[in-house]
Amino acid sequence: MTKLNPKATLRTEVVNEPTRTKNYEGGVAFTLSDKTRLYTRVATCLVGESKFYKEIDETGIITAENQDNLLLKDLAIVAEQDPEFVLKLAAYARNDLYLRSVPVVMLVEASLNPKTKPFVRHYAPWIIQRVDELTETTAYLQAKIGNIGNKSPKGSMPAGLKKGLADSFHNFNEYQFGKYDREGLVKLKDVLKITHPVPRNEEESALFSRIKTRTLKTPETWEVVISTKGSTKEIWESIIPKMPYMAILRNCRNFLEKKVSQQSIDLVVSKLTNENAVRKSKQFPFRFFSAYRELENIDSPYTSQLLTAVEAALEISVANLPHFAGTTFETADNSGSMGGLLSERGTVKREDIANLFMAISVKMADRSVSSIFGTSFKVKNFAKNNGIIANMRSIRNDEVGSNTNAYLSFDYLLENKLSVDRIILFSDMQCYDSRGDGRYGSSVLESFRKYKRSVNPNVYLYSIDLAGYGTAQVPENEPRVATIAGWTERILTFIPAFEAGLSNPVMEKIESFGKAPAKQAEEED
């Protein structure tokens with residue numbers, strides 16, 4: 001009776017997996033729980049930016065939707081199950097993932113949802129970490145419901161949001177208010193008049209009055225100086241000593257093109273490589289890589305000096321990451337979909353983030369085997385004592401094709417019977433088997449399970465989602481597998497936490513927000 005009751009195979013296991021679905025490429029994928037799906041979307045979201053894959057509506061027509069709407073749909077779903085989690089996730093995204101726009105969107109959406117609105121006031125000061133987020137929050141709300149204000153016939157600011165923004169006014173000083181008292185559809189004075197923050201003392205009362213009358217002291221920021229006095233060699237040299245970290249990093253090209261002096265370059269180098277400043281800067285690692293790439297081809301006697309400083313700053317930024325014991329296998333997706341820009345205004349691609357994270361994880365591991373995949377697969381030999389950017393550059397001219405055959409990475413481990421302690425997959429998770437129709441061809445799950453059964457049953461798999469399309473390559477409940485998302489190097493700290501026994505360190509971190517009062521916001525660039 002074997003024809004009627006055949007022995008189960010790995011292929012049939014995958015096909016019959018309860019959460020099996022298909023991704024945008026039609027490849028084998030798995031649904032995520034509602035909370036995890038929302039987390040992956042939030043952690044990889046730049047509001048208003050397109051992604052490589054577009055949505056297909058019920059008629060089968062590809063729409064121009066940039067997936068923001070999918071995030072909002074998931075937010076509403078999770079709000080029904082655990083409304084406070086939505087605000088905790090927004091606070092986590094702002095404070096730990098260094099995202100700015102998506103937490104603001106989540107705060108406003110939460111204020112309009114009956115389930116989540118009771119938690120808005122408490123979490124608003126966690127989310128509003130920069131003065132201009134007061135105006136951005138109000139502007140987004142206004143775009144949703146029309147003109148707002150106490151006498152507006154169209155709508156009013158929800159009470160929880162009004163009180164939360166009023167509370168947030170107490171977390172800033174006059175310099176911060178003055179720096180962001182800008183022209184726009186919504187001005188700082190408008191938010192003050194709508195929210196009515198109650199001053200705690202005479203000094204704060206006078207400060208709020210100056211906001212209302214727009215008579216704040218105007219800080220001499222580098223932007224003000226450049227816009228009023230011009231972008232000249234002399235002006236840049238005069239303002240460099242006062243420039244904050246992010247501004248220094250982003251203007252290195254200007255310094256070289258305006259031919260600032262050796263003395264000014266020395267000061268820039270000193271600022272860029274200041275360990276305390278680097279750690280307080282909250283820069284994504286790819287910001288350093290982007291700055292480095294902009295400088296590479298500039299003809300200046302000081303270019304090498306700044307390149308060295310930028311690479312040193314990147315190394316400092318990741319120096320305190322935890323240690324990975326044993327052998328780590330990293331594989332980075334370099335397929336066609338990873339070649340899309342993260343932002344239409346930037347130059348960084350998702351493959352850059354994948355490759356950068358891989359180069360960083362090499363530094364963290366006792367031993368590592370690194371690789372890239374697309375249509376084909378290639379092992380990358382990195383020297384651990386090389387710089388991160390040097391290892392990144394060694395990938396730049398590699399060509400592995402535009403398909404997303406991630407299973408090849410796992411097959412390599414299997415074929416070579418290479419026992420590793422952990423596998424880290426950096427990808428947008430739109431993987432498939434390009435040899436067939438993708439749905440029932442080789443898959444990450446099948447190859448991973450083969451590896452566990454044949455080589456190492458105790459291996460860990462970390463699925464680092466860099467795009468947030470809403471599906472995974474391995475079921476969420478697969479033993480010793482963790483789904484992680486985001487673009488800051490801090491997400492790599494979840495790896496040793498997971499191996500130390502935390503069942504879901506990401507969710508535990510998110511749940512930790514809001515248990516104490518929000519700290520006063522620090523000055524950001």
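Stokes-Einstein diffusion for the stretch 67-126 at 37 °C, viscosity 0.692 mPa s, with a Kirkwood radius from C-alpha pairs, works out to 294 µm²/s. For the peptides 299-307, 361-369, the ranking by mean Cβ contacts within 10 Å, running from highest to lowest, is 361-369, 299-307.
In the chain, taking the dipole from charged Cβ atoms about the Cα centre, the farthest positive-side position among I389, A93, L425 is held by A93.
In this structure, the amide hydrogen of D465, modeled 1.01 Å from its nitrogen in the peptide plane, lies closer than 5 angstrom to those of I484, A485, G486, counting only residues at least 5 positions away or on a different chain. Projecting the Cα atoms of F373, L341, V131 onto the dipole axis of the chain, where Lys and Arg carry +1 and Asp and Glu carry -1 at the beta carbon, places V131 farthest toward the positive end. Out of every Cα-Cα pair that the stretch 318-396 contains, those further apart than 17 angstrom amount to 45 percent.
Legend: residue pairs K51/K515; K187/K349; K163/K193; K73/K117; K282/K380, Cα-Cα distance threshold 24 Å; pairs beyond threshold, K51/K515; K187/K349; K282/K380. For volume of the Cα convex hull per residue in Å³, the value calculated from this model appears in (1) 186; (2) 172; (3) 150 under label (2). As a rough footprinting exposure proxy, the listed residues I495, I464 were ranked by other beta carbons within 10 Å of their own, and the order from fewest upward is I495, I464. Does the stretch 178-254 come out rounded, prolate or oblate by the C-alpha gyration tensor, with a ≥ b ≥ c the root eigenvalues, rounded set by a/c under 1.5 and, if not, prolate when a/b is larger than b/c and oblate if not? Prolate is the answer for the stretch 178-254, as a/c is 1.5 or above and a/b outweighs b/c. Indicate the gyration tensor shape class of the stretch 339-475 (rounded, prolate or oblate), computed on the Cα atoms with a ≥ b ≥ c the square roots of the eigenvalues: a/c under 1.5 is rounded; otherwise a/b larger than b/c is prolate and the rest oblate. Since a/c reaches 1.5 but b/c is at least a/b, the shape of the stretch 339-475 is classed as oblate.
I need the shape label for the stretch 151-309. Rule: rounded when a/c is under 1.5, else prolate if a/b > b/c, else oblate, with a, b, c from the alpha carbon gyration tensor. Note, shape of the stretch 151-309 comes out prolate. Its Cα centre serving as origin, the stretch 324-487 has a Cβ charge dipole (Lys and Arg +1, Asp and Glu -1) of approximately 420 debye.
Centroid-to-centroid, using Cα positions, the stretch 165-195 and the stretch 323-352 are 37 Å apart. At q = 0.11, 0.15, 0.19, 0.23 Å⁻¹, what is the log10 ratio I(q)/I(0) for the stretch 428-517, with the Debye formula run over Cα points and no solvent? Log-scaled intensity ratios, in q order: -0.39, -0.68, -1.00, -1.27. Per-residue ellipticity at 222 nm, computed for the chain from helices alone with -39500 (n - 2.57) per DSSP H run of at least four residues, works out to -13000 deg cm²/dmol. Reported to the nearest whole Å, the Cα centre-to-centre distance from the stretch 78-157 to the stretch 237-304 is 34. Quotient of the Cα radius of gyration of the stretch 223-317 and 2.2 N^0.38 Å, N being its number of residues: 1.00. When each of V28, V15, V78 is scored by the number of other beta-carbon atoms lying within 10 Å, the sequence from fewest to most is V15, V78, V28.
Sorting the segments 71-77, 466-472 by their residues' average number of neighbouring beta-carbon atoms within 10 angstrom, most packed first, yields 466-472, 71-77. What separates the Cα centres of the stretch 465-497 and the stretch 390-413 is a distance of 19 Å.
The numbers here are math on the coordinates, done by the rules we state, and not lab data. Remember, predicted model here, so these are calculated numbers, not experimental data. When we count neighbours, we look across all protein chains shown, and the Cβ atoms used for this are built from the backbone with ideal geometry, even at glycine.
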